[in-house]
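Take a look at the structure below.
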Amino acid sequence: NSFCTLLACMAKRPRDRESSEVRVALIDRNVEVEPVYDSLASFIAPLSADEFFRSEYQKRAFVARVHPKHRERRLEDLKAAMDNFNPIEMLRESNSESIHVWMKTRNGELHSIRTDAAQAKTCYDAGHALYFRASELLESTLLPALARDLRFGVAANHRDGQRRAEIETFVAGPGHTTQWHFDFQENFTVQLMGAKKWSFRRSGVEHPHRACATHFNGSEHQRTLHTQFQTVRLNAPNFEGVPPNIEEECESVVLQPGDVLYHPAGIWHKVEAIGDAPSVSINLSFFPATWAEVITESLTHAMLREPSLRQRIQYESVSDAHGQLRSKLEMSREVLASLTPASVLAPAALAQEGHATVVVDDSGDIASSLTTVAAVDAKKLRRNPLAILSLTPDACAFAVPMPDGGESDEASDSSTERTEMVSTVTGYTRFDLTGNFLAEDACIGGIAVSATFFVADPMRQIFEKLALLGPHTVERRSLNVPGALVDALVALGFLCAV
């Protein structure tokens, strides 16, 4: 029975073991245990971050197995934040628009339907498995913290600020099995209640762009699965799905409450709820931006500067279309060659500064919300082709926060931090800087940067000249721009050191 299976799996291998598919490390019973919560260190103990990135991350599955003595301590923070792991209460607080219910047909096929929380409870009571997002409070606490520790930086969010990550909750009764598949996300699973047997085998697919969800059956999933296969075959032409001998070649491990599993994108895995109690677990999945996304969207932005590349397609024959495209491709190569790392990823963008506000006084001294400005020694500078600096008409002047030391038209309470929102400042001209921002969809695109400058009237002429500067190399001294202002413009990616 399932309980015997659990005992057999636990006895099959020593608790500390290592293979090409999975590594298991036991947290010693005599060490002080940190609750799993808002740091990578709490998830991967007893490993250090350096060892985790060197030996495990994106290479194989890793299990941090806790001694039974420490299970309660290991889960105490999550338990307090998740209604004592009560599935019904967690359903009510879910961040999902709809709840996924996994149902088995009479012939054993797994089907997924979507429903609301009330109907999902009924399905759960009838023995079906549930899949839903955790609460917004839990996601907003854990996901940014782990994304920081995982070194995703600005790639952790979409350009509109939405997180490129989520926390899924899995609730399943004994015997529920999710068949072989692999994901495109980097995943951290925490077992909260019950037990699960995980089996792993490498797929040979590096950094997959799409998942391969072969565990879903039915005609409604055929087209999706076909697209997934074709996407994988872009770099693995011989990919045929689940290997025929996977059951003989896989490595298995059992997760008990308090155990943490990391499983990388692209590793085949099968998951079985075992034992006599329901299984409850959460999975933190991360899908930060890829280099392909950043480069292609930045290239698109730069290409849209060229009138001939904005031209609508029109052709009379195949040879005509190919002839036109040949010249456009040559132009595109030149556009790509004009981009540099600093023009695509400005220092302020990498530091996740958000929209910056800079006040420039009569002498060129600045008060700024920027925290990443560094002194620039370069004698030659180049205007970033992805950036635009322009005078802002009042009709387009949205409100921005004033930095400390700025002068706004509104009075403020000097006893509190200056965070008032303004659109104009008397005696100052407004200029706005935007970079790498052209995209139809707020959830795609290159790493954007933006800033507002309130420029004292004596400095206005300098900014008007900067706004007209072409994307070519210039001597720094010829700009006649104060040093602190040059440093800020480099941090924001408008100017790039040559």
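The values are calculated or read from the model by the stated rules, or taken from the named source; none is laboratory data. Predicted, not measured: the structure shown is a model, and the values here were computed from it. So basically every Cβ, Gly included, is an ideal-geometry build from the backbone, and we count neighbours across all protein chains shown. Side chains are part of the model used for accessible areas, which takes the heavy atoms of the whole protein and leaves out ligands, DNA and RNA. Shrake-Rupley method; radii C 1.70, N 1.55, O 1.52, S 1.80 Å.
Write out the trypsin sites (Lys or Arg not before Pro) in the stretch 334-391 meeting two conditions: DSSP loop, and at most 12 other Cβ atoms within 10 Å of their Cβ.
379
What does the charge count near residue 229 come to, summing +1 for each Lys or Arg and -1 for each Asp or Glu among other residues with Cβ under 10 Å from its Cβ?
Net charge around residue 229: +1.
Kindly provide the chymotrypsin sites (Phe, Trp or Tyr not before Pro) of the stretch 271-315 that DSSP labels as loop, not H, G, I, E or B, and whose Cβ sees at most 16 other Cβ atoms within 10 Å. Write out the running numbers ahead of the final one.
Details: sites: 286, 291, 315; in loops: 315.
Sites meeting the loop and neighbour criteria: 315.
Using a 1.4 Å probe, what is the accessible area per residue for the chain, in Å²?
Values: 24960 Å² over 498 residues.
With the other protein chains kept in place, the chain gives 50 Å² per residue.
Students sometimes get this wrong: rank 202, 151 by accessible area, probe 1.4 Å, all chains present, largest first. Walk me through the numbers before you get to the answer.
Details: 202 110, 151 150 Å².
Putting 202, 151 in descending order of accessible area: 151, 202.
Computing the accessible area with a 1.4 Å probe over protein heavy atoms, can you report the carbon and sulfur percentage for the chain?
Exposed carbon and sulfur together represent 51 percent of the surface.
For a quick check of your reading of the filter: which GluC sites (Glu not before Pro) in the stretch 184-289 sit in a DSSP loop and have no more than 16 other Cβ atoms within 10 Å? Display every interim value, and only then the final one.
Details: sites: 186, 206, 220, 240, 247, 248, 249, 251, 272; in loops: 206, 240.
Filter output for the stretch 184-289: 206, 240.
When the Debye formula is applied to the Cα atoms of the chain, each taken as the same point scatterer, what base-10 log of I(q)/I(0) results at q = 0.12 Å⁻¹?
-1.12
Give me the aspartates and glutamates in straight-line cross-link reach of residue 197: C-alpha distance below 15 Å, same-chain residues under 8 apart excluded.
Counting by Cα, and skipping residues close in sequence, residue 197 has these aspartates and glutamates nearby: 21, 247, 251, 259, 272, 276.
May I have the convex hull volume per residue, in Å³, for the Cα set of the stretch 16-121?
Values: hull volume 18.3 nm³, N = 106.
It is 173 Å³ per residue.
Can you give the net charge of the other residues whose Cβ lies under 9 Å from the Cβ of residue 459, counting K and R as +1 and D and E as -1?
Computed value for this residue: -2.
Heavy-atom accessible area of residue 123 with all protein chains present, probe 1.4 Å, nearest 10 Å²?
Using a 1.4 Å probe on the heavy atoms, I get roughly 20 Å².
Which pairs break 31 Å Cα to Cα here: 69/270; 69/121; 59/196; 59/328; 69/104?
As for pairs spanning more than 31 Å Cα to Cα, those are 69/121; 59/328; 69/104.
For the stretch 22-291, what Kirkwood radius comes out of the mean inverse Cα-Cα distance, in Å?
Values: mean 1/r = 0.0522 Å⁻¹.
Mean inverse Cα-Cα distance, inverted, gives 19.1 Å.
Excluding residue 136 itself, calculate the net charge of residues whose Cβ lies under 11 Å from the Cβ of residue 136, where each Lys or Arg counts +1 and each Asp or Glu counts -1.
My count for the surroundings of residue 136 gives -1.
Round to a whole angstrom and tell me the spacing of the C-alpha centers of the stretch 272-288 and the stretch 27-96.
12
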